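As structure tokens, the structure follows; a few thoughts come after it.
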Amino acid sequence: MILYLCIDMNKVKIGTQEFSKAFWNKIFAESSGWIEEKYILFKLMRELETLSEKAQNPTGSIPPFTSYTLYCLTRFLQPTNILEVGTYIGKSTLSMAYGLNKKGSTIHTCDFSNDIDLINHTRCKIIQYHGVSTDMFSHLRQEGNIKFDLVNIDGRIPAEDIDDLVSLLEEGAVICLDDFEGIEKGVINHKTFIDSDQFENYALIYPPQESLIKDLQFTGNSTIALMIPQSLISFVRQ
């Protein structure tokens with residue numbers, strides 16, 4: 001009788017930071033050729049800046065590279081319905097709408113601090129709510145006829161809202177977390193999601209790395225992180 005001793009080999013472990021770099025490299029892989037699209041995007045952003053004069057409570061707006069990140073992400077993923085918390089003057093909203101730019105797509109967005117009608121030249125329908133996210137989630141849940149495959153959060157999400165939010169999500173929905181640094185709201189929101197035990201199969205994607213931002217000929221940094229379901233990740237033969 002011959003006995004074979006099976007010894008487990010070491011697992012290949014890939015850290016969050018390493019995986020995040022690979023993810024963003026994939027998202028921006030073809031963007032170097034989008035010269036006209038980039039010009040139109042930032043023309044839209046400049047147009048939206050005029051709306052800041054109508055703000056009752058100026059809360060600040062996203063920097064150019066975050067606008068470009070949301071545009072490239074949305075263009076790559078091609079979701080149908082987007083849910084957003086934190087509209088302000090609509091830079092993130094329109095960046096995503098331009099990334100979709102297709103009939104039948106919608107963005108539902110709310111803002112508690114301001115109530116500003118957005119400028120929209122895209123084919124994506126934008127529906128605005130003035131009030132807190134709790135009210136928007138409750139309203140959409142009562143309607144019960146729409147599910148979202150991308151969520152962009154630029155505001156604080158109370159723990160008690162998680163169940164309502166989850167009920168609105170398509171399986172495999174992606175969540176964007178702005179201000180993911182230090183103890184800012186993006187980091188706090190991520191902890192709220194994780195503590196709910198309803199996102200165990202999600203992976204965290206850190207904000208784009210500075211070297212990538214420089215390679216794409218932008219300055220500054222980005223604070224937008226993602227939570228993506230592991231079902232959205234697959235290995236392919238190259």
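Within the stretch 104-137, being assigned to a strand (DSSP E or B) and crowded, with 21+ Cβ neighbours inside 10 Å holds for 107, 108, 109, 110, 111, 126.
Contact map, the stretch 19-38: residues that are closer than 19 Å to residue 235 by Cα paired with residues that are open to solvent by 60 Å² or more (accessible area, probe 1.4 Å) and hydroxyl-bearing (Ser, Thr, Tyr), Cβ distance under 6 Å, separation 6+ or inter-chain. Pairs shown: 20/206. Scanning the stretch 123-145 for residues being in contact with a strand residue (DSSP E or B) (Cβ under 6 Å, 6 or more places away or on another chain) and among the β-branched types (Val, Ile, Thr) gives a total of 2.
Count, please, the residues in the stretch 204-231 that happen to be without any contact (Cβ under 8 Å) to a residue 12 or more places away in the chain and either closer than 29 Å to residue 172 by Cα or assigned to a helix (DSSP H, G or I) (or both). Result for the stretch 204-231: 4.
When the helices (runs of 4 or more DSSP H) confined to the stretch 35-103 are screened for residues that are acidic (Asp, Glu), those reaching at least 3 such residues are found at 35-49. The condition of being among the hydroxyl-bearing types (Ser, Thr, Tyr) and more than 15 Å from residue 27 (Cα to Cα) does not hold for residue 222. List the residue pairs whose Cβ atoms are under 6 Å apart, where the first residue sits in the stretch 48-61 and is at negative phi, the second is outside any loop (DSSP other than H, G, I, E, B) and open to solvent by less than 80 Å² (accessible area, probe 1.4 Å), and the two are 6 or more positions apart or on different chains. Taking only residues 6 or more apart or on different chains, the pairs are 48/91; 61/91. When you go through (1) more than 20 Å from residue 21 (Cβ to Cβ); (2) assigned to a loop (DSSP other than H, G, I, E, B) one by one for residue 194, which number turns out not to apply? Evaluating residue 194 over (1) more than 20 Å from residue 21 (Cβ to Cβ); (2) assigned to a loop (DSSP other than H, G, I, E, B) leaves (2) as the failure.
Output the residues belonging to the stretch 154-169 that are open to solvent by less than 40 Å² (accessible area, probe 1.4 Å) and either more than 30 Å from residue 40 (Cα to Cα) or not in a loop (DSSP other than H, G, I, E, B) (or both). Spell out the reasoning first.
At the first step, the residues of the stretch 154-169 found to be open to solvent by less than 40 Å² (accessible area, probe 1.4 Å) are 155, 157, 161-162, 164-165, 167-169.
Listed by number, the residues that qualify are 157, 161, 162, 164, 165, 167, 168, 169.
Among all positions in the stretch 138-153, there is no residue which is closer than 27 Å to residue 49 by Cα, touching a residue at least 12 places away in the same chain (Cβ under 8 Å) and open to solvent by 50 Å² or more (accessible area, probe 1.4 Å). Determine whether the stretch 66-73 contains at least one residue that is among the aromatic types (Phe, Trp, Tyr), more than 17 Å from the chain's Cα centre (by Cα) and closer than 28 Å to residue 232 by Cα. No.
Restricted to the stretch 25-66, and to residues there that are under 24 Å from residue 214 (Cβ atoms), loosely packed, with under 14 Cβ neighbours inside 10 Å and charged (D, E, K, R), the residue that is modelled with the lowest pLDDT is 30. Looking only at the stretch 170-197, residues that are within 24 Å of residue 78 (Cα to Cα) and either open to solvent by 10 Å² or more (accessible area, probe 1.4 Å) or of a type in the set (A, V, I, L, M) (or both) come to 11 in all.
The values are calculated or read from the model by the stated rules, or taken from the named source; none is laboratory data. Note that the structure is a prediction, hence the values are computed from the model and not measured. Every residue, glycine among them, receives a Cβ derived from its backbone with ideal geometry; neighbour counts consider all protein chains shown. The protein model used for the area step is the full one, side chains on, heavy atoms only, and it has no ligands, DNA or RNA in it. Shrake-Rupley method; radii C 1.70, N 1.55, O 1.52, S 1.80 Å.
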